[in-house]
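Reviewing the structure listed below.
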Amino acid sequence: MTFAPHTELETLSLATARARVQAGTTTAASLAEQHYERIAAIDAPESSVGLNSYLALTKDRAFAQAEKIDAAAKAGNALGPLAGVPIGIKDVLTMTGAPATAGSKILAGYHPPYDATSVRKLEAAGAVLLGKLNCDEFAMGSSNENSAYGPVKNPRALDRVPGGSSGGSAAAVAAGLCVGSLGTDTGGSIRQPAAFCDVVGVLPTYGRVSRYGLIAFASSLDRVGPFARSVADAATLLEVLAGPDPLDATASEQPVAAYGEELAKPVSGMRIGVPEEYFGEGLDPEIRAAVEKSLDDLRAAGCTVEKVSLPHTRYAVPTYYVIATAEASSNLSRFDGVRFGLRAPESNTLAAMFRNSRDEGFGAEVKRRILLGTYALSAGYYDAYYKKAQQVRRLLAQDFLAAFDKVDALVCPVTPTPAFKLGEKTDDPLKMYLEDIYSVAASLAGICGMSVPCGYTGAQLPIGVQVLARPFNESAMLRVGAAIEAARR
């Protein structure tokens, strides 16, 4: 189940788009218009396909930016690294002139008065911001079926999920509805959708990209990162996004490498680790074969490949779902019907207004996680659950650091299965949570990672391979990802 003919917009690279704008062979305004026409044709709910990746379009802001870029190009001025490049923004990031719903009814009508730092940096580099992209409510989900505004379809197989929670961000890049996009990753929400939709997705090291302007789910886990069609494009976006931010105390002062230049370095001599725990029972055999083929390609490129162990991996999913839900319980307490967003009508008391607004505004999955997190933090259970989970989190991080003393990067699956059918797992939360089995450990450890397309199943569903590296060693991660990508050409 696919949709019609491919267009150049589905393969247009960031570098090509920028070069054409700089050379004057196209304009930023024309590029934006072409993308809006395609959005109207296949993305809008009433369109022929109804991918539903965009929740709001920001045409006034986009064309105002395009006009500035085109004037600078016409004057012969040097342009920024993203000049004229159409970009979409996940709707958990604030952006003036657009709603910020986080995929939830409780934020209906909320228009933030400020830009997220990542949004501001993209526009400062010349990007043309097309609009806000659909996502699981408050980034809680692995399929984009938890959005209050309807699910997103996977453009590679319309009866399948695009992954979550950044499903709209991945689907929009795959379908030619933007050249790159911003997503967020708390436990796999960039890497899994990238794998399902056949695009590149990057999880930066915690602190590498500012979280200012991100509507929080779990503050010690949430990260902002890019989606793109190639590792080179993802490297360019990451270089723009990375760096310190006085508005975010967790944003690191560590220097940012020239990631694009790093890709030119050979991988020959690099040591690649294969975590044994990621190749056990439950891994789809076609995914296993595709990842093993990527490892063979790295050997052919001059890498050494060896097995490593991450012994606490089996505790990663329960640890994640204690910590993440506890932080969600705390973060989402601010949505009470008082200050912004939805307020339930006809509530006779303040307590009833709180209760009714949250009951009407939050979806089932968000309520489930708030309840789980509140329980884990409650008196008598805090030490048994939350404190214990934080102790296990430290052990998981130590596993990775010990592995990185032996190898430069880890290569493993992103997901245990390819994209599953819409509605297939919505009635079984545990099965849905287990989709994160290969992604949550890296999130808990704070390391960097990425998903790179590496093949297809017999049913032509995309497969991604995960590359993980030591904190702030995005350069090594990107080099390995580029080598995997190059071997497929």
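Once the stretch 232-250 is narrowed to residues that are hydrophobic (A, V, I, L, M, F, W, C) and assigned to a helix (DSSP H, G or I), the residue that is surrounded by the fewest Cβ atoms within 10 Å (Cβ to Cβ) is ALA232.
Just to be sure before I move on: is GLY341 more than 28 Å from the chain's Cα centre (by Cα) and crowded, with 20+ Cβ neighbours inside 10 Å in the structure I sent?
No: the conditions fail for GLY341.
When ILE39, ILE106, ILE69, ILE89 are checked against the criterion of being farther than 24 Å from SER147 by Cβ and out of contact with any Asp or Glu (no Cβ under 6 Å at 6 or more places or on another chain), a single residue qualifies: ILE69.
Mind listing just one residue for me: the one in the stretch 448-475 that is of a type in the set (A, V, I, L, M) and either surrounded by fewer than 24 Cβ atoms within 10 Å (Cβ to Cβ) or over 22 Å from PHE404 (Cβ atoms) (or both) and, of those, farthest from the chain's Cα centre (by Cα)? Result: ALA459. Kindly establish whether ALA17 is part of a helix (DSSP H, G or I) and crowded, with 18+ Cβ neighbours inside 10 Å. Criteria met by ALA17.
Of all the listed residues (THR417, THR325), the sole one being at pLDDT 95 or above and assigned to a loop (DSSP other than H, G, I, E, B) is THR417. Annotation: of all residues in the stretch 272-308 being assigned to a loop (DSSP other than H, G, I, E, B) and free of Cβ contacts under 8 Å to residues at least 40 places away in the same chain, the one that is nearest to MET477 (Cα to Cα) is GLY302. Which of the residues belonging to the stretch 454-489 are in contact with a Cys (Cβ under 9 Å, 6 or more places away or on another chain) and within 19 Å of CYS197 (Cβ to Cβ)? Answer for the stretch 454-489, where residues must be in contact with a Cys (Cβ under 9 Å, 6 or more places away or on another chain) and within 19 Å of CYS197 (Cβ to Cβ): PRO462, ILE463, GLY464, VAL465, GLN466, VAL467, ILE484, GLU485, ARG488. State all residues of the stretch 457-470 that are closer than 18 Å to VAL274 by Cα and assigned to a loop (DSSP other than H, G, I, E, B); if no residue qualifies, say none. The answer is ARG470, and nothing else.
Which of the residues belonging to the stretch 80-116 are hydrophobic (A, V, I, L, M, F, W, C) and surrounded by fewer than 18 Cβ atoms within 10 Å (Cβ to Cβ)?
Answer for the stretch 80-116, where residues must be hydrophobic (A, V, I, L, M, F, W, C) and surrounded by fewer than 18 Cβ atoms within 10 Å (Cβ to Cβ): just ALA108.
Taken over the stretch 136-152, the residue count meeting the criterion of being over 15 Å from the mean Cα position of the chain (by Cα) and closer than 11 Å to SER189 by Cβ is 0. With respect to the conditions (1) at pLDDT 95 or above; (2) outside any helix (DSSP H, G or I); (3) among the aromatic types (Phe, Trp, Tyr), TYR386 lacks only one, and its number is (2). Would you mention how many residues in the stretch 251-271 are in contact (Cβ under 8 Å) with a residue 12 or more places away in the chain, under 24 Å from the mean Cα position of the chain (by Cα) and either surrounded by fewer than 15 Cβ atoms within 10 Å (Cβ to Cβ) or not in a loop (DSSP other than H, G, I, E, B) (or both)? Within the stretch 251-271, residues that are in contact (Cβ under 8 Å) with a residue 12 or more places away in the chain, under 24 Å from the mean Cα position of the chain (by Cα) and either surrounded by fewer than 15 Cβ atoms within 10 Å (Cβ to Cβ) or not in a loop (DSSP other than H, G, I, E, B) (or both) number 5. With LEU478, LEU410 as the choices, which residue is within 22 Å of GLY269 (Cβ to Cβ), part of a strand (DSSP E or B) and not polar (S, T, N, Q)? Exactly one residue qualifies, and that residue is LEU410.
Determine which member of the set VAL322, VAL317 is of a type in the set (A, V, I, L, M, F, W, C), within 21 Å of TYR433 (Cα to Cα), within 23 Å of the chain's Cα centre (by Cα) and surrounded by fewer than 22 Cβ atoms within 10 Å (Cβ to Cβ). The conditions single out VAL317.
Close contacts from the stretch 47-64, counting a first residue that is in a loop (DSSP other than H, G, I, E, B) and a second that is of a type in the set (S, T, N, Q), with Cβ to Cβ under 8 Å and a gap of 6+ residues or different chains, come to ASN52/ASN134; SER53/ASN134; SER53/SER169. Pairs are defined by a Cβ separation below 9 Å, a sequence spacing of at least 6 or placement on different chains, a first member in the stretch 314-343 that is closer than 28 Å to ALA442 by Cβ, and a second member that is of a type in the set (Val, Ile, Thr) and part of a loop (DSSP other than H, G, I, E, B); the pairs so defined are ALA316/ILE437; VAL317/ILE437; TYR320/THR186; ALA324/THR186; ASN331/ILE215.
Could you look through the stretch 344-357, keep only residues that are in a loop (DSSP other than H, G, I, E, B) and free of Cβ contacts under 8 Å to residues at least 12 places away in the same chain, and pick out the one that is surrounded by the most Cβ atoms within 10 Å (Cβ to Cβ)?
Looking at residues that are in a loop (DSSP other than H, G, I, E, B) and free of Cβ contacts under 8 Å to residues at least 12 places away in the same chain, I get SER347.
The values are calculated or read from the model by the stated rules, or taken from the named source; none is laboratory data. Since the model is a prediction, treat every value here as computed from it, not as a measurement. All Cβ positions, even for glycine, are placed from backbone atoms using ideal geometry, and neighbour counts span all protein chains on display.
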